[in-house]
Each structure stands twice: as structure tokens, then as C-alpha cells.
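I have placed the structure first, in the form of C-alpha cells, so that the comments after it can refer back to it.
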Amino acid sequence: DGGITQSPKYLFRKEGQNVTLSCEQNLNHDAMYWYRQDPGQGLRLIYYSQIVNDFQKGDIAEGYSVSREKKESFPLTVTSAQKNPTAFYLCASSIKRMAQETQYFGPGTRLLVL
Amino acid sequence: QKEVEQDPGPLSVPEGAIVSLNCTYSNSAFQYFMWYRQYSRKGPELLMYTYSSGNKEDGRFTAQVDKSSKYISLFIRDSQPSDSATYLCAMSEGGSEKLVFGKGTKLTVNP
């Protein structure tokens with residue numbers, strides 16, 4: 001089955017610790033995205049990547065880092081510089097349709113701070 | 001003024017009712033409009049996709065776009081308890097890789 005997988009489903013972070021969230025897609029999509037979702041705040045874009053070895057900051061990139069070494073994979077690291085990391089993290093990938101990229105989402109990772 | 005405004009609800013309706021969900025926006029350059037459905041603790045799933053103004057129907061769901069009023073709607077006919085979810089509108093400019101999301105409306109359909 002084609003789709004987007006995210007792991008783990010739940011992740012716990014200790015103070016001062018970096019943690020990495022995994023996102024993998026087998027849809028052969030070129031672009032991938034990371035969003036953060038907080039209650040009442042909607043989805044906010046953290047980073048996105050249009051092609052391998054290239055990525056751009058979104059609206060709330062501070063305290064996060066990404067890499068895009070393979071087309072299928074776009075891991076997100078939440079660094080110790082992110083002071084309020086508790087949130088639901090969503091990965092998406094996109095395919096061009098009528099010159100517009102329609103985004104498809106993974107199941108999400110819930111990050112909690114111990 | 002926020003770029004996309006969406007009433008968060010919550011909205012509670014009886015089974016079988018017609019549901020109307022709406023978003024307004026300020027950026028006249030938006031051309032592509034989407035509705036996503038998100039069940040609790042799950043990722044959003046694409047429900048409807050519309051380009052420019054007009055209507056699009058898919059089963060019990062109808063999406064409407066009125067660019068002159070900067071207003072989009074999602075109608076759900078014969079609503080079912082399984083429609084209970086948060087509905088997110090999203091939109092973008094032509095050729096843009098970025099989507100702008102509304103904050104979502106939480107819908108509950110009561111049996």
C-alpha cells in the first residue's frame with residue numbers, strides 16, 4: 001500500500017534532549033512538509049522540501065532541523081532550543097495537480113515533554 | 001486580519017441534518033481550495049479539492065467557492081455520526097508550494 005508513515009506514534013522528550021521524528025513516503029512524491037498542530041492554533045508549517053538535498057524554513061522553524069538525503073525520507077529533529085515542543089507533529093507529501101501541489105498527510109507523532 | 005478565518009465551533013447537529021462549514025480569506029491571489037477531515041488523534045485526510053470559483057460535488061459532500069466574496073463552504077448532506085471530526089479548510093496561490101490552513105471546525109453528529 002502506498003502512503004506516508006510516521007514514527008513513533010508517541011515520543012517523550014527530557015529537558016535538554018534532542019529527539020528525531022521519522023517520516024517516510026512511498027508515493028514517489030517530490031515535496032515533503034512538516035507541520036506542528038496545537039489545540040486552537042491550526043497547522044503551522046515548520047520546514048518543507050521540494051527536492052532531495054534542499055529544504056526551506058517555514059513559519060516556525062526556530063528550534064527545529066531537518067534533512068532530505070533521500071526522496072522517501074524527511075526526518076525532523078526537535079532540538080533543545082525548542083522551549084515548547086509539546087504538540088502533534090504532522091508530515092505531509094505532495095503531488096502536482098493542475099499546477100497545484102495537493103498535500104497528503106501521515107498519521108502524526110505526539111511529542112510530550114517529561 | 002488573519003489570512004484565513006474559520007469558526008472553530010464546536011458544531012453539534014442531529015443525524016440526517018445538512019451541515020454547512022465555512023471559511024473566509026483575505027488574499028485575493030488564492031486560487032486553489034481544499035477541505036480536509038481530521039478524526040481525533042489522526043492525520044488530516046483530503047476530502048475535497050476545488051480550483052477557482054464554482055461548485056464541486058462528491059457524494060454527500062459539496063464544496064463551493066465564491067472568490068468575489070472570498071468565501072468558501074463545505075456542505076454535508078444526510079450527515080452521519082461517522083462525519084464527526086474536525087474539518088480544516090486550506091488554500092493556496094497558483095504555483096505556490098505553501099498551503100494556508102484555517103484553524104478547523106469541530107463537528108459532532110449525534111445519532
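Derivation of every value follows stated rules applied to the coordinates shown; laboratory data play no part. These numbers come from a predicted model, not from an experiment. Quick reminder, even Gly has a Cβ in these numbers, built from the backbone with ideal geometry, and neighbours come from all protein chains shown.
Could you point to the residue in B:Q6, B:F30, B:G43 farthest towards the positive end of segment B:1-50's charge dipole, with +1 and -1 charges on the Cβ of Lys/Arg and Asp/Glu respectively?
After comparing all options, I get B:G43.
Separation of segment B:39-111 and segment A:51-113 by C-alpha centroid, Å?
Between the Cα centres of segment B:39-111 and segment A:51-113 lies a distance of 23 Å.
Where in segment A:25-99 are there trypsin sites (Lys or Arg not before Pro) that are in a DSSP coil and have at most 14 other Cβ atoms within 10 angstrom of their Cβ?
Working: sites: A:R36, A:R44, A:K57, A:R68, A:K70, A:K71, A:K83, A:K96, A:R97; in loops: A:R68, A:K71, A:K83.
Sparse-neighbourhood loop trypsin sites (Lys or Arg not before Pro): A:K83.
Over chain A, calculate the relative contact order: mean separation of alpha carbon pairs under 8 Å at least 6 apart, over the residue count, as a percent. Please list the in-between numbers first.
Values: 286 pairs, mean separation 38.8, N = 114.
Once divided by the residue count of chain A, the mean separation gives 34 percent.
Dipole of chain A, Cα-centred, from +1 at each Lys and Arg C-beta and -1 at each Asp and Glu C-beta, to the nearest 20 debye?
Values: 13 positive and 11 negative charges, 42 e Å.
About 200 debye.
Give, rounded to the nearest 20 debye, the magnitude of the charge dipole that the protein assembly as shown has about its Cα centre when Lys and Arg contribute +1 at Cβ and Asp and Glu contribute -1 at Cβ.
Working: 25 positive and 23 negative charges, 85 e Å.
Computed charge dipole of the protein assembly as shown: roughly 400 debye.
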